[in-house]
2 protein chains.
Amino acid sequence: MQCTFCKSHAFYRREHEGVSLCKRCFTKSIENKVRKTISEYEMFDYKDIIAVAISGGKDSLTLLSILNRLKMRFPLSKLIAITIDEGIYGYREEAISLAKSLTESLGIEHKLFSFKDLFQVTLDEFLKKQNELAPCSYCGVLRRRALEIAGRSVGANKIVTGHNLDDEVQTMLLNILHGGVDRLMRSSPVLADPDGRFIQRVKPLCYLYEREIALYAYVTGLKFQHIPCPHGSRALRGEIRDILNSLEDKHPSLKYTAFSSKMKLSHIIANHKVQLNSCRICGEWTSGDMCEVCRVLLENREIRCLIREA
Amino acid sequence: MQCTFCKSHAFYRREHEGVSLCKRCFTKSIENKVRKTISEYEMFDYKDIIAVAISGGKDSLTLLSILNRLKMRFPLSKLIAITIDEGIYGYREEAISLAKSLTESLGIEHKLFSFKDLFQVTLDEFLKKQNELAPCSYCGVLRRRALEIAGRSVGANKIVTGHNLDDEVQTMLLNILHGGVDRLMRSSPVLADPDGRFIQRVKPLCYLYEREIALYAYVTGLKFQHIPCPHGSRALRGEIRDILNSLEDKHPSLKYTAFSSKMKLSHIIANHKVQLNSCRICGEWTSGDMCEVCRVLLENREIRCLIREA
């Protein structure tokens, strides 16, 4: 199999574009896609302070590594890596150490923020106290808030996450099939808040297939965490992932089409204004009178442990 | 197994509501759901002239039969059955004869409209002349227009179709996975056009599972067509149908949740105004400068065969 571009030995067939790629052209194509996404959505500005959320997995470490390469295009901007330690025993430790190694080798500042410090409870402790079956949904609510606090604390005006095309399409379907259409709005690859209440979130990997990010990480020798989160059974999301993978096998580029539908929907929904109020407990913005974080913590009889950072 | 409501012998378990039903309570529940949908969405008015699109299949004949029962609530309204004969050899003939039998037995006026008369070409003839692989999408475009012309011709101010919950959810996913988000707008169960350019479409069966409509048709002794359309391979829709059925088995009421997501999306999208223009060929309303019907017919070198009904 020959590389479609340079005719040297190809190691990978990209079905959704009908091309074969050698390692060099493959890594170049991935970096170009990220560059193109950033430029198309005008994700960064020259003086940005960019908090890159890194978990220690393939997506976020690939993200940091590529952003570091592209940094020369934004000489006055600053990258700071942030990691949220949810407090998952036997899992998060390795991830943190891998995240540390990469940031040290790239010379990028790295800050840790823990659920324990922010919410006075680790995820493990929290999950022990309640009987619900969806650890990921609790963790998601708390992690989103933790990222916001972390971003403010390092003075960032952008928070960058490693969400990939598969994540985006899975989440869209999950929101549709499981109820949660309003959340579609919150998941644009450039989630800006015109009123400046939240730090802008951007997702430069949103056009990359998960499997290609894994391949990129292998090919470029990135060391990332392989074991999955012990809480991550994620029943319906897992089923949806399998369904999408099998549909993509039969209809190459279906995930792309689905993602562009998501983009159109997010755009329309984003123009559909939602009134936001201050949470009566912590003062953060919410569509109701109490934010999801306080609801989750109070329902589980945790004390009020969030102080709004102004 | 006992009927949850009257304690007599139950013949069916409705998993998504966790109830068991005897035949009498089952048919009553189906009719009540239709009545509730009609009333919740204010589908009908007292003086409506209602064109009921009947194909001869279980959905549309169930629809006509239930609407006929409910008619006494709208004494001044009028039901007219309309059937579109696409010209599908060996298939449509039986369906038309079943549709005729039912309308005769109910004493409801029944009018036939054919692709041949409206577009000067049968579907079979049309499909022979082109090599594309999606007969359903061509047929859909032409059938929608045929229904509009039929509705105008019988003086209807409402067109009622037998789309069920499964159809609605499948179509939503198809539009999302296959590209066609704009079409979500056109598929509300009460599709009104504030400017009166199109006859209002309503779908009173949109909250009924397909399998329950089939069961209702069997239990009430309706004679309907069983053989599927010979052109209806419908690759991706078939896969999506199987996926949704298997998800529903594992997560009862998932289709309901998905449908309510669709309703929210349609609502938001419907408020997102789209500019409509007159088709430069036939004068019908379209978002571009040429409508889909003319595009389809012209691409296939058919002559212009649509005259706008004022």
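Tell me yes or no: at least one residue of region A:42-54 is out of contact with any strand residue (DSSP E or B) (no Cβ under 7 Å at 6 or more places or on another chain), free of Cβ contacts under 8 Å to residues at least 24 places away in the same chain and either among the basic types (Lys, Arg) or part of a helix (DSSP H, G or I) (or both).
Within region A:42-54 (the criterion being out of contact with any strand residue (DSSP E or B) (no Cβ under 7 Å at 6 or more places or on another chain), free of Cβ contacts under 8 Å to residues at least 24 places away in the same chain and either among the basic types (Lys, Arg) or part of a helix (DSSP H, G or I) (or both)), the answer is no, since none of the residues qualifies.
Are there any helices (runs of 4 or more DSSP H) wholly within region A:146-251 with 2 or more residues that are closer than 20 Å to residue A:63 by Cα, out of contact with any helix residue (DSSP H, G or I) (no Cβ under 7 Å at 6 or more places or on another chain) and away from chain B (no Cβ under 14 Å), and if so which?
Helices (runs of 4 or more DSSP H) meeting the threshold: A:210-219.
Looking for something without any contact (Cβ under 8 Å) to a residue 40 or more places away in the chain, assigned by TED's automatic domain parsing to the domain that holds residue B:55 and on the phi < 0 side of the Ramachandran plot - is there at least one such residue anywhere in region B:135-143? So that I can check it myself, show each step before the final result.
Taking region B:135-143 as the starting set, the residues that turn out to be without any contact (Cβ under 8 Å) to a residue 40 or more places away in the chain are B:137, B:140.
Within this subset, residues satisfying the condition of being assigned by TED's automatic domain parsing to the domain that holds residue B:55 are B:137, B:140.
Still in the list and also on the phi < 0 side of the Ramachandran plot: B:137, B:140.
Yes, the conditions are met somewhere in region B:135-143.
Need the failing condition index for residue A:298 against (1) at pLDDT 90 or above; (2) more than 23 Å from residue A:161 (Cα to Cα); (3) surrounded by fewer than 16 Cβ atoms within 10 Å (Cβ to Cβ), just the number.
Single failed check for residue A:298: (1).
Filter region A:91-113 for residues that are farther than 12 Å from residue A:53 by Cα and among the basic types (Lys, Arg) and give the result.
Residues satisfying the conditions are A:92, A:100.
For region A:55-83, enumerate the residues that are of a type outside the set (A, V, I, L, M, F, W, C) and not in a helix (DSSP H, G or I).
Once the filter is applied, which keeps residues that are of a type outside the set (A, V, I, L, M, F, W, C) and not in a helix (DSSP H, G or I), region A:55-83 yields A:55, A:56, A:57, A:75, A:77, A:78, A:83.
Please state which of the following conditions residue A:10 fails to meet, knowing it meets all the rest: (1) crowded, with 20+ Cβ neighbours inside 10 Å; (2) under 18 Å from the mean Cα position of the chain (by Cα).
All conditions pass for residue A:10, except number (2).
Give the residue that is surrounded by the fewest Cβ atoms within 10 Å (Cβ to Cβ), with candidates limited to residues of region A:252-266 that are at pLDDT below 90 and within 7 Å of chain B (Cβ to nearest Cβ).
My answer is A:264.
Restricting the search to region B:168-193, which residues are touching a residue at least 60 places away in the same chain (Cβ under 8 Å) and out of contact with any His (no Cβ under 9 Å at 6 or more places or on another chain)?
Answer for region B:168-193, where residues must be touching a residue at least 60 places away in the same chain (Cβ under 8 Å) and out of contact with any His (no Cβ under 9 Å at 6 or more places or on another chain): B:168, B:169, B:170, B:172, B:173, B:174, B:181, B:182, B:184, B:190.
Which count do you get for residues in region B:221-247 that are within 16 Å of residue B:164 (Cβ to Cβ) and either of a type in the set (A, V, I, L, M, F, W, C) or at pLDDT 95 or above (or both)?
5
From A:76, A:61, grab the single residue that is hydrophobic (A, V, I, L, M, F, W, C) and surrounded by fewer than 18 Cβ atoms within 10 Å (Cβ to Cβ). Steps first, please.
Numbers: A:61 fails: surrounded by fewer than 18 Cβ atoms within 10 Å (Cβ to Cβ).
Step by step, each of A:76, A:61 is checked, and only A:76 is hydrophobic (A, V, I, L, M, F, W, C) and surrounded by fewer than 18 Cβ atoms within 10 Å (Cβ to Cβ).
Just checking, does region B:235-248 include any residue being within 24 Å of residue A:266 (Cβ to Cβ) and either within 16 Å of the chain's Cα centre (by Cα) or not hydrophobic (A, V, I, L, M, F, W, C) (or both)?
Scanning region B:235-248 turns up no residue that is within 24 Å of residue A:266 (Cβ to Cβ) and either within 16 Å of the chain's Cα centre (by Cα) or not hydrophobic (A, V, I, L, M, F, W, C) (or both).
The values are calculated or read from the model by the stated rules, or taken from the named source; none is laboratory data. What you are looking at is a predicted structure, and each value in this text was computed from that prediction instead of being measured. Neighbour counts are summed over all protein chains in view; Cβ atoms, including those assigned to glycine, are modelled from backbone coordinates with ideal geometry.
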